[in-house]
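Student: Below is the structure I would like to discuss, written out as structure tokens.
The values are calculated or read from the model by the stated rules, or taken from the named source; none is laboratory data. Quick caveat, the model's predicted, so the values are computed rather than measured. Glycine also receives a Cβ, built like all others from the backbone with ideal geometry; neighbour counts cover every protein chain displayed.
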Amino acid sequence: MSIQPDEGLKRVLGVPTLVATVLNNTIGAGIYALPAIVAMQMGAAGILGYVFCYLIFFAIVLCYLEVGSRITSSGGSYAYVEAAFGHFPGFIINSIFFFGWGIIGDAAVLNILADSLSVIYPVFAQPLVRALLFFTLIGGMALINVRGAKEGVAFVVFLTIVKLLPLFFIIFFGFSHIQVSNLHWQHFPPLKSFGDTALVLFFTIAGFETSLNSSGEIKNPKHTIPKGILLGTFLMLIIYSSIQLVAQGVLGAQLSQYKDAPLAAVAETIIGPIGATLLLIATMISSFGNTSGDILSTPRLLFAGAKNGLFPKYLGKMHPKFATPYWAILTYCGLIFIFSVSGGFKQLAILASASLLLIYLSVVLSMIRLRFKKTEETEKAFKVPCGLIIPIIAVVAILWMLCCLTKNEIISIALFIGVLCVIYFVMNKLKPGKTA
């Protein structure tokens, strides 16, 4: 069974909104701590780590664009893998994205928001108050998205603009405070430093693929997806690079000492103590914005999986008035709330990062396989140039980063996939007529 192109969803998302969701999904709370992490690993040559990572990242983005312009139904990474390799691989990728990257990541981000808020108002350090905060925020986001993708996107666009303003402020005013001597490096960093930095950067700038989970609601996807994703990722990379240059140029060797809040230190240097407070608020807005973007996009994985019989049928139902997958949205929000209040997300962070690498690897392989499947839409789809050179580069790069994981991390992800395999075959066993 394959996903039907016409799912009954309203195609209301254009290039501007797709660009906004890419920026919202890729520029999160991590950017406020990233400059110091990069400086600790590569010193003043940190910008070289960005260039190195961007080359790898761009190869993966191009592969997503080709397969995304061929498969235009909801589900994003899941839909691509399912179309190329079938139900079982599709189920694994859907589950990894949904649990390993979506729910755990959003729950962790909401806790960052609560932690930042507790610095200003200590009452938010109390579990009951935090739970009430999570319920209110998640409930509000669920209501907005149930009412329609257009409303959800409008809210995401608003949050994206609000959270980008402080970053633009730092970039604009920070350049005048840069000391050129702080950007000078004496030695070329070793290869290991490039690998460690790429790993951190890769996980921080990831998120563009989440925007494609709503492909079933994108207008003219063969045109909108390539243009929106390329423009969105290009702007994102410019912002990250500019922030690193300003932070390094303003703080110099001291940058690595501000590992918790380097941009707050930059803001304080530029405009005084109030700058640190403003950046703290920006961190909270950024965290909220990221979660809002995921609630807009990720429930479509449940919706697409339910349509294919991988999940309970009720998750594939659409709201009779708003034409949104409301049960999938409510279920996703409920799981985020449970994980948010339960705590203990740090030990799952590495599992989430490794999961993302596996998702990217599967999509690149799907792109290669689908290229050799001739369909009526093949000629109209975006095609990555240079034959298979770019997807092969992407595969090698992803495998290289997976090799950087420790033995325990590899065992953890293997056990997680093993559990998913058992669940899949049990589900199929309980459904007469279904085969793996």
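Student: Of Lys163, Lys150, which residue is in a helix (DSSP H, G or I), over 20 Å from Val109 (Cα atoms), modelled with pLDDT under 85 and charged (D, E, K, R)?
Tutor: Matching residue, one of Lys163, Lys150: Lys150.
Student: Scan the stretch 384-420 residue by residue and report those that are under 18 Å from Glu66 (Cβ atoms) and at pLDDT below 85.
Tutor: Val384, Pro385, Cys386, Gly387, listed by residue number.
Student: Ok, one more. Please specify each residue of the stretch 154-203 satisfying the condition of being of a type in the set (Val, Ile, Thr) and more than 30 Å from Glu409 (Cα to Cα).
Tutor: Val156, Val157, Thr160, Ile161, Val162, Ile170, Ile171, Ile178, Val180
Student: I need the full set of residues from the stretch 15-54 which are modelled with pLDDT under 75 and outside any helix (DSSP H, G or I), in order please.
Tutor: Selection gives Gly28, Ala33.
Student: Continuing with the same structure: Contact list please: Cβ distance under 7 Å, first residue in the stretch 112-129 and free of Cβ contacts under 8 Å to residues at least 24 places away in the same chain and surrounded by 17 or more Cβ atoms within 10 Å (Cβ to Cβ), second residue of a type outside the set (Gly, Ala, Ser) and in a helix (DSSP H, G or I), pairs at least six apart or on different chains.
Tutor: Ala114/Phe124; Ala114/Arg130; Ala114/Leu133; Phe124/Leu117; Phe124/Arg130; Phe124/Leu133
Student: If you don't mind, another one. Can you pull out the residues in the stretch 231-269 that are of a type in the set (A, V, I, L, M, F, W, C) and farther than 15 Å from Ile27 by Cα? Step through it out loud before you land on a result.
Tutor: Taking the stretch 231-269 first, the residues of a type in the set (A, V, I, L, M, F, W, C) are 231, 234-239, 243, 245-247, 250-251, 253, 255, 261, 263-267.
Matches in the stretch 231-269: Leu245, Val246, Ala247, Val250, Leu251, Ala253, Leu255, Ala261, Ala264, Ala265, Val266, Ala267.
Student: Looking only at the stretch 101-111, which residues are crowded, with 24+ Cβ neighbours inside 10 Å and not hydrophobic (A, V, I, L, M, F, W, C)?
Tutor: Correct list: Gly102, Gly105, Asp106.
Student: Name the single residue that is modelled with the highest pLDDT among those in the stretch 272-315 being within 19 Å of Gly174 (Cβ to Cβ) and either acidic (Asp, Glu) or in contact with an Asp or Glu (Cβ under 7 Å, 6 or more places away or on another chain) (or both).
Tutor: That would be Gly275.
Student: Follow-up. What do you reckon, is Leu315 within 15 Å of Leu167 (Cβ to Cβ) and not polar (S, T, N, Q)?
Tutor: So Leu315 fails the test.
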